[in-house]
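The values are calculated or read from the model by the stated rules, or taken from the named source; none is laboratory data. Computed from a predicted model, the values in this text were never measured in an experiment. Virtual Cβ from ideal backbone geometry, glycine too; neighbours counted across all protein chains shown. Keep in mind that these areas ignore ligands, DNA and RNA; they rest on the heavy atoms of the full protein, side chains included. Shrake-Rupley method; radii C 1.70, N 1.55, O 1.52, S 1.80 Å.
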There are 2 protein chains.
Amino acid sequence: MDANRQAHGAYALTVSYDGAPFSGFARQPDRDTVQGRLEAALATALRREVVTVGAGRTDAGVHALGQVVSYDSDENEPEPAVLLRSLNALVGEGIVVTGIRRAAPGFSARFDAEAREYRYRLAPGPVPPLFLGRVAWWTRRTLNLSAMRTAASALVGEHDFRSFCVAESAGGQITFRRVEVVEIVPEEHLGEHCVTVRIVGNAFLHSMVRIITGSLVEVGVGRRDPGWLGEALAACDRAAAGPTAPAHGLTLWHVAYPDECWL
Amino acid sequence: MDANRQAHGAYALTVSYDGAPFSGFARQPDRDTVQGRLEAALATALRREVVTVGAGRTDAGVHALGQVVSYDSDENEPEPAVLLRSLNALVGEGIVVTGIRRAAPGFSARFDAEAREYRYRLAPGPVPPLFLGRVAWWTRRTLNLSAMRTAASALVGEHDFRSFCVAESAGGQITFRRVEVVEIVPEEHLGEHCVTVRIVGNAFLHSMVRIITGSLVEVGVGRRDPGWLGEALAACDRAAAGPTAPAHGLTLWHVAYPDECWL
């Protein structure tokens with residue numbers, strides 16, 4: 001049956017979600033998860049069991065704008081526009097399927113991903129964010145963006161990011177990753193100011209973006225010098241880096257694939 | 001006592017709130033209102049009873065980014081930065097005081113306002129908004145912005161806006177208002193697209209911005225011609241205009257005062 005499905009190709013859903021109500025992306029028995037909800041909606045819409053693969057296994061509380069979720073297609077699938085409407089009617093509050101693309105047979109949203117972009121929003125200053133309160137971490141203190149940019153430059157390139165990974169999950173794992181971009185960008189959304197940490201890389205370790213952001217904030221508020229971040233990286237020890245920034249500031253923004261993945 | 005307070009001048013708070021949890025701005029017995037919460041927080045912080053005046057009496061569900069709320073000051077008021085921190089600690093979820101300014105004796109946030117700006121966010125297209133879901137009205141259909149702009153131009157100037165006012169509240173009232181600007185602006189917030197109706201005027205009738213927006217959407221989706229909006233205005237009859245757009249898309253954005261109000 002799998003061989004049969006592969007012959008028919010695959011589909012990739014682009015999915016946005018608010019992380020707050022979910023126990024993370026990955027399916028878990030008796031928990032409300034994004035993957036669990038999507039698979040239930042697909043099962044109803046397609047009248048068969050559907051197993052999905054997500055590009056990023058976001059933790060509880062982490063949001064997504066451009067999560068990509070793939071599944072193998074069958075004969076006689078409904079029109080994508082029709083399926084899009086059905087899925088959004090079925091999937092419930094907090095998740096929106098924004099697009100459906102046909103992909104080549106055997107496509108995996110996880111293993112075919114070339115690059116992932118995460119964005120972490122910080123709300124500095126004495127006044128808490130209101131409209132951005134669900135999607136930004138209020139740092140209370142102001143941030144020195146130029147110090148943060150100097151610190152961030154040490155992370156770009158291929159490195160062992162063991163210092164920026166949940167310690168228990170690093171054991172035995174290959175902890176080398178390639179970071180392409182770390183940008184610190186002042187932005188305005190819904191009339192409120194924030195500072196967005198934009199990180200692009202080939203793949204990320206568990207909590208890597210949140211530990212990098214927590215460390216950049218240490219520099220931004222002046223508790224650490226900009227040079228400290230490179231030293232923390234070189235130490236290859238979780239204890240050398242800063243605290244893990246809270247989940248609700250983080251959004252899986254975009255996942256990129258080679259052109260040949262798409263039909 | 002009032003004369004004594006006036007001699008000491010007044011303060012103007014700038015206030016943001018999420019309209020969803022509140023029974024509107026205006027204080028009501030046994031209801032959770034923005035004004036009720038602010039007055040309770042001020043009473044605790046200043047250890048006296050405080051009566052406030054708001055620039056706009058927003059309805060239940062309507063948000064504010066730049067609501068202005070005034071009160072007469074007393075002798076020995078705390079430092080504004082200290083009071084700002086106290087009020088934000090006291091006022092509770094859903095309201096943020098973003099600024100405090102000293103105003104001239106007798107200042108009223110309502111009667112001294114020269115201009116008010118409201119913004120209404122529309123989310124067109126087949127896919128519902130996710131991060132903008134709390135602050136934008138999903139129209140489902142796409143919107144013809146150029147038709148909406150043509151229609152909107154009929155509203156600019158001083159007119160009798162009786163057609164764009166809750167019928168029961170118009171009786172006996174003077175329904176002339178001056179609208180300075182109606183703009184239809186495509187925007188992006190939090191990675192999602194929306195269309196913002198930006199309206200500036202000297203003052204607004206009950207539900208005026210929501211009825212104007214509901215009428216503009218009739219034109220935008222093609223149910224009415226652009227010329228219809230001017231005819232609806234001329235009719236001076238609520239039944240001639242379109243439906244009232246839902247509260248959650250609307251934000252009281254900014255209130256302007258003459259310079260001489262500030263000390």
Please state which one of A:GLU77, A:GLU39 is more than 14 Å from chain B (Cβ to nearest Cβ) and assigned to a loop (DSSP other than H, G, I, E, B). A:GLU77
Of all residues being modelled with pLDDT under 95 and of a type in the set (S, T, N, Q) in region A:56-81, which is nearest to A:LEU42 (Cα to Cα)? Just the residue, please. A:SER73
In this structure, is B:ASP74 among the charged types (D, E, K, R) and within 30 Å of B:THR244 (Cα to Cα)? no
Candidates B:ALA109, B:ALA152, filtered to the one that is in contact with a helix residue (DSSP H, G or I) (Cβ under 7 Å, 6 or more places away or on another chain), farther than 30 Å from A:VAL62 by Cα and at pLDDT 95 or above: B:ALA152
Is it the case, given these coordinates, that B:TRP253 is within 14 Å of chain A (Cβ to nearest Cβ) and of a type in the set (Phe, Trp, Tyr)? yes
Output for region B:170-223, where each listed residue is free of Cβ contacts under 8 Å to residues at least 60 places away in the same chain, of a type in the set (D, E, K, R) and closer than 17 Å to B:THR150 by Cβ: B:GLU183, B:GLU218, B:ARG223
Which numbered condition trips up B:GLY220, out of (1) open to solvent by 20 Å² or more (accessible area, probe 1.4 Å); (2) more than 21 Å from the chain's Cα centre (by Cα); (3) among the small types (Gly, Ala, Ser)? (1)
Are any residues in region B:169-187 part of a strand (DSSP E or B) and open to solvent by 30 Å² or more (accessible area, probe 1.4 Å), and if so, which ones? B:PHE176, B:ARG177, B:ARG178, B:GLU180, B:VAL181, B:GLU183, B:VAL185, B:PRO186, B:GLU187
Please find, within region A:81-101, the residue that is farthest from B:PRO129 (Cα to Cα) out of those that are more than 8 Å from chain B (Cβ to nearest Cβ), open to solvent by 50 Å² or more (accessible area, probe 1.4 Å) and in a helix (DSSP H, G or I). A:VAL82
Could you look through region A:158-168, keep only residues that are open to solvent by 50 Å² or more (accessible area, probe 1.4 Å) and touching a residue at least 12 places away in the same chain (Cβ under 8 Å), and pick out the one that is nearest to A:LEU229 (Cα to Cα)? A:ARG162
Going through (1) out of contact with any His (no Cβ under 8 Å at 6 or more places or on another chain); (2) open to solvent by 20 Å² or more (accessible area, probe 1.4 Å) one by one, A:THR58 fails only at (2)
Give me the pairs, please: first residue somewhere in region B:15-33 and within 11 Å of chain A (Cβ to nearest Cβ) and in a loop (DSSP other than H, G, I, E, B), second residue anywhere and surrounded by 14 or more Cβ atoms within 10 Å (Cβ to Cβ) and among the aromatic types (Phe, Trp, Tyr), beta-carbon distance under 8 Å, and either six or more positions apart or on two chains. B:ASP18/A:PHE131
What number of residues within region B:122-140 satisfy the criterion of being within 15 Å of B:GLU218 (Cα to Cα) and crowded, with 22+ Cβ neighbours inside 10 Å? 4
Condition (residue is hydroxyl-bearing (Ser, Thr, Tyr), within 14 Å of chain B (Cβ to nearest Cβ), closer than 30 Å to A:CYS194 by Cα and part of a strand (DSSP E or B)) applied to region A:127-149: is it met by at least one residue? no
Please verify whether region A:208-215 includes one or more residues that are touching a Cys at 6+ places or on another chain (Cβ under 8 Å), of a type in the set (A, V, I, L, M, F, W, C) and modelled with pLDDT of 95 or more. yes
For region B:239-256, which residues satisfy the criterion of being part of a helix (DSSP H, G or I) and either polar (S, T, N, Q) or open to solvent by 50 Å² or more (accessible area, probe 1.4 Å) (or both)? B:ALA239, B:HIS248
Looking across region B:188-217 at residues that are part of a strand (DSSP E or B) and under 15 Å from the mean Cα position of the chain (by Cα), the single one that is surrounded by the fewest Cβ atoms within 10 Å (Cβ to Cβ) is B:ARG198
